[in-house]
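The block underneath contains the structure these notes are about, expressed in structure tokens.
The values are calculated or read from the model by the stated rules, or taken from the named source; none is laboratory data. Bear in mind the structure is a predicted one, so any value in this text is a computation, not a measurement. So basically every Cβ, Gly included, is an ideal-geometry build from the backbone, and we count neighbours across all protein chains shown.
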Amino acid sequence: MLQTLKIKNVALIKDLEINFNKGFNVLLGETGAGKSIIFDALNFALGAKADKTLLRSGENVMKVEALFSDLNPLAVSALQELGVIDEGNEIVLSRSLDSDGKSVIRINGSPATALILKNVGSVLVDSYSQHEALELLKSKNHLIMLDRLGSDTIKNIKDSLTTEYEKYQEIVKKIKSLGGNEFERERTKDLLSYQIKEIEEAELYIGEAEEVKERIDLLSSSEKIFEAVNECENLLENSSMSAIGSVHESVNLLAPLSKIEAIDSARERLNNVRYELQDISQTLKDIRDNTAFDEGELDRLDRRKDLIKLLCKKYGGSEENVLKFLEEARVRLDELNQSEELLVKLENEKTKQEKIINQICERLSDMRKAIAKDVEEKIVNELRELGMKSTSFVVKFGRMPDFTDNGFDEVEFTFSANKGQEVKALAKTASGGEMSRVMLAFKTIFARAGLAETLIFDEVDAGISGEIGYVVGEKVSTLAKSAQVLCVTHLPQVASQGDAFYFVSKTSDATNTYTSVKDLKDNDIIYELARMLGGDSVTEVAIAHIKEMRKRAGKA
């Protein structure tokens, strides 16, 4: 149950702490006082989408903390499965949001994600609001609700289905990797053969692009290169004062004096310089001999550059990646050529796995249909108790063309409020008051299944009045015997059956407005309920009527 709710800087709430009780907790107060804000704050702590518009004006951070205690065994087991508690039957959820949109979430003091918080919240609290009613109208949610009522039985079958479906997906993946069906495989083989041929015929090698670029640069500047290199080579070797000749002559002049160590060292160094100059001269000759402008070669190199660029663009961006693609394509083509036998084996495995999955889907569908029959009966009984005597409620099943990891069932809740009328989709037939009672009937069934610690009813009495309102109150009061209920209602017939009462009001000073909550006792409870019944003028008749209602509910 929700034991304590602490709220800071949420809308009209500055700093508030509410201690709730077991049983039927009723929130009273004028429209706009902040009752729904309390539920908005709780939903925020339970993982609802963070909304910065809830941040109190002038504040930088809002924070909500919710303490749940006396958890039932089902809840404890579910929370242990989520990995948020190890032992004990208590959990604290804390969440803050600042003006920049940054949210901090903690569960029992440890950091947590929004998804984990939402999953934990769904274990602890089940709520009824106009939004929840809209969700019930959507057929996509009907199968989810049905499966929740199936509890562990449905879960075990679905776990088995998930395991087998994953195996099936792996087989399908392998088949696709081998080219899929025969047509797809042949098309893939043709493409790979073309790609392999294109790269092989190019005879590309690593570093070729740079070599081609350098050669193009050389040929494009051939005239300037020839002149500069030729002149340099002449200076080194061919002129009357050539560098090589001068160095050689110097070596010869020093040779007779080689007995002198210093001169011999200088002669040796000059000799080394002569050899180096001769090598440089030969390099320049080679460059000169290869720089004769050749328009045909330049055109060939340009086309080669374009081909290399195209191959790199198509197959990986670099010569290394192109050649890597070539090797992988060869391996892939070889696999496809050798795949016939493997594909036959995989197709047989796929057929076998489809049979296994269909059998599980049949079991799952049969179980869902059995649960659906039980739900139909229970919903009709609940609605009859809520004054809808001629109601029909049918869970309609359809079948999807292909199975998924959730089976092959399509489910829709259909409804008729009048005898002899065809059942139709809830969204097309249920009025506001009827929808409130259908929703309450579902919540009653879920509560009996022990699927929630705390039930929230925000205006469960929409479209309801009179004696039916009292019956709704009885239903909520009955729910409160097995789960904690937090309820906002405008009907004294509902409120009069509460166990604990909280009066929500707002006050203003010169600069701000504040929401506060008062825990009502004894005569204050009677007075506020009488105000609900008779408006601002509280009469003795109204008080007597409320006392009678409380007595009838066994709350006097």
Exception for Asp522 within (1) at pLDDT below 90; (2) surrounded by 18 or more Cβ atoms within 10 Å (Cβ to Cβ) falls at (2)
Filter the stretch 194-205 down to the residues that are under 42 Å from the mean Cα position of the chain (by Cα), in contact (Cβ under 8 Å) with a residue 24 or more places away in the chain and surrounded by fewer than 13 Cβ atoms within 10 Å (Cβ to Cβ) and list them by number.
none
Taking the stretch 344-399 and keeping only residues that are among the small types (Gly, Ala, Ser) and under 30 Å from Gln493 (Cβ atoms), one is left with Gly387, Ser390, Ser392
Does Phe68 satisfy being of a type in the set (Phe, Trp, Tyr), touching a residue at least 40 places away in the same chain (Cβ under 8 Å), in the same structural domain as Val494 (by TED's automatic domain parsing) and closer than 17 Å to Phe503 by Cα?
no
Failed condition for Glu90, given (1) out of contact with any Leu (no Cβ under 6 Å at 6 or more places or on another chain); (2) farther than 23 Å from Ala447 by Cβ, with all others met?
(2)
Give just the number: which of (1) buried (at least 20 other Cβ atoms within 10 Å of the Cβ); (2) over 18 Å from Gln484 (Cβ atoms); (3) among the basic types (Lys, Arg) does Lys8 not satisfy?
(1)
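Going through the stretch 21-52 one residue at a time, which ones are among the β-branched types (Val, Ile, Thr), within 35 Å of the chain's Cα centre (by Cα) and surrounded by 21 or more Cβ atoms within 10 Å (Cβ to Cβ)?
Of all residues in the stretch 21-52, those among the β-branched types (Val, Ile, Thr) come to 26, 31, 37-38.
Next, from what is left, pick out any that are within 35 Å of the chain's Cα centre (by Cα): 37-38.
The one that is among the β-branched types (Val, Ile, Thr), within 35 Å of the chain's Cα centre (by Cα) and surrounded by 21 or more Cβ atoms within 10 Å (Cβ to Cβ): Ile38.
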If you go through the stretch 106-114 one residue at a time, do you hit one that is modelled with pLDDT of 90 or more, touching a Lys or Arg at 6+ places or on another chain (Cβ under 9 Å) and crowded, with 19+ Cβ neighbours inside 10 Å?
yes
Being at pLDDT 90 or above, touching a Ser or Thr at 6+ places or on another chain (Cβ under 6 Å) and assigned by TED's automatic domain parsing to the domain that holds Thr478 is true for just one of Asn25, Asn19, Asn9. Which residue is that?
Asn19
Being surrounded by fewer than 18 Cβ atoms within 10 Å (Cβ to Cβ), in the same structural domain as Gly121 (by TED's automatic domain parsing) and touching a helix residue (DSSP H, G or I) at 6+ places or on another chain (Cβ under 6 Å) is true for just one of Ala556, Ala530, Ala542. Which residue is that?
Ala556
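For every residue, the table says whether it meets (1) touching a helix residue (DSSP H, G or I) at 6+ places or on another chain (Cβ under 6 Å); (2) under 27 Å from Leu12 (Cα atoms).
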residue	(1), (2)
Asn60	no, yes
Lys63	no, yes
Glu87	no, no
Leu93	yes, yes
Leu97	no, yes
Ile105	yes, yes
Ser122	no, yes
Val125	no, yes
